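First the structure, in the form of structure tokens, and then the observations on it.
The values are calculated or read from the model by the stated rules, or taken from the named source; none is laboratory data. Fair warning: this is a prediction, and the values are worked out from it, not measured in the lab. Heads up, the Cβs are rebuilt from the backbone with ideal geometry, glycines too, and the neighbour counts pull from every protein chain shown.
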Amino acid sequence: MVNEKVISPGDVNLFKLIDDPDQVVAAIFDHYADRGFTPSPDERALEMTL
């Protein structure tokens, strides 16, 4: 994708390869927590059922 100029070289660092479902969920919540977004308890419960 970098060679095709679809993404910048630094964008490669945005990718994470995670095989464990619990780690995937944690990575998603960490992403939003780092950006100041905290779901309500009801939103978090709903997300956990997806």
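Of everything in the chain, what is aromatic (Phe, Trp, Tyr) and at pLDDT below 85? Give them in sequence order.
Here is the first cut: in the chain, the ones aromatic (Phe, Trp, Tyr) are 15, 29, 32, 37.
Within the chain, Phe29, Tyr32, Phe37 qualify.
Can you run down the residue pairs with Cβ atoms below 7 Å, 6 or more apart or on separate chains, where the first is in segment 7-23 and without any contact (Cβ under 8 Å) to a residue 12 or more places away in the chain and the partner is surrounded by 10 or more Cβ atoms within 10 Å (Cβ to Cβ) and part of a helix (DSSP H, G or I)?
Cβ pairs passing all conditions: Lys16/Ala27; Ile18/Val24; Ile18/Ala27.
If I ask for residues that are β-branched (Val, Ile, Thr) and farther than 14 Å from Met48 by Cβ, which ones from segment 24-38 would you list? Break it down into steps so the answer makes sense when it comes.
Quick first cut of segment 24-38, residues β-branched (Val, Ile, Thr) only: 24-25, 28, 38.
The one that is β-branched (Val, Ile, Thr) and farther than 14 Å from Met48 by Cβ: Thr38.
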